[in-house]
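As structure tokens, the structure follows; a few thoughts come after it.
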Amino acid sequence: MNVFDVKRLKSVTVITGHYGVGKTNLAINLALDACYSGFEVQVADLDVVNPYFRSSDYRSLLEDAGVQVIAPRYAGTTLDVPAVSGQVSAALDWARAEQGRLLLIDAGGDDVGATALGRFARVVGEGDYDLLYVVNRSRNLTHDPAEALSVLREIEAASHLRATAVANNTHLADFTDGEVLGRGVSFAQEVAASAGLPLAFTAVPASALENVDVPGVRYPVSVHVRKPWE
């Protein structure tokens, strides 16, 4: 079984995509796994648009595991004020100063959310980085590959950064099964091919990793992010 190794990530890794594709849950999984693998990890929450699904809402979970969280001043509230922590620039330098460090940037959804990321484009682009474009075939407005590609191009234009790979996070919450995952792989492969990018991995529920037959590289994920009413 080909399972994604978080050690493959560049020291600066950006997670971005359309609203609701599961960026934050994926970022939390990557951060925790990297920390458990011996990395020093920081997560920068640049989602200054969505007041609900933010990495900083899970600060206790991350910090209890040893992950440092950098967040906008108003993260964790319902105030969508584009105030981005000045610590991000220092974190970029920190991540690249020594091996064994990882800075995960959880960017906001679509081009609006990626605008905050654009503030740091020059510094991010000065060194090696990964920008994972997260896709979810089950998400409204991006279950057509052409639509997903259009969103990617908008994000790249707003952030002034180019994506380096596609990450498939297709799911239907508790109704995710092999059929849903299989359709997601085909969809993600088409998006990646259209964008001229590799498909980094397909996220698979950790509980189902041994029981589903999904082609390509798999990444086992746990559900940490829940809707406010769950």
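The values are calculated or read from the model by the stated rules, or taken from the named source; none is laboratory data. Bear in mind the structure is a predicted one, so any value in this text is a computation, not a measurement. Glycine gets a Cβ as well: all are built from the backbone with ideal geometry, and neighbour counts include every protein chain shown. The protein model used for the area step is the full one, side chains on, heavy atoms only, and it has no ligands, DNA or RNA in it. Shrake-Rupley method; radii C 1.70, N 1.55, O 1.52, S 1.80 Å.
Considering only protein heavy atoms and a probe of 1.4 Å, how much of the accessible area of region 145-230 is carbon and sulfur, as a whole percent?
Taking all protein chains in place, region 145-230 shows 54 percent carbon and sulfur surface.
Ratio to report: Rg/Rh of region 173-212, with Cα atoms as the point set and Rh obtained by the Kirkwood method; give two decimals.
1.03
If one takes the longest principal axis of the Cα atoms in the chain, at what angle in degrees, from 0 to 90 and to the nearest 10, does the Cα axis of helix 145-159 lie?
That works out to roughly 10 degrees.
Quick check: net charge around N211, other residues with Cβ under 14 Å of its Cβ, Lys/Arg +1 and Asp/Glu -1?
Neighbourhood net charge equals -3.
With n ≥ 4 as the cut-off for DSSP H runs, can you work out [θ] at 222 nm for the chain, using -39500 (n - 2.57) per run divided by the number of residues, rounded to the nearest 500?
-10500 deg cm²/dmol
What does the charge count around E126 come to, taking other residues whose C-beta lies under 11 Å from its C-beta (Lys +1, Arg +1, Asp -1, Glu -1)?
That works out to 0.
If we count every other residue with Cβ under 12 angstrom of F187's Cβ, Lys/Arg +1 and Asp/Glu -1, where does the sum land?
0
Rounded, prolate or oblate: which one fits region 149-230, using the alpha carbon gyration tensor with axes a ≥ b ≥ c (rounded when a/c is under 1.5, else prolate when a/b beats b/c, else oblate)?
Oblate shape, in that a/c is at least 1.5 and b/c is the bigger or equal ratio.
Measure nothing but the geometry: give the 0 to 90° angle between the long axis through the Cα atoms of 87-97 and the longest principal axis through the Cα atoms of the chain, rounded to 10°.
70 degrees
Applying 1/(1 + (r/R0)^6) with R0 = 30 Å to the Cβ-Cβ distance of A97 and S150, what FRET efficiency is obtained, to the nearest 0.05?
0.20
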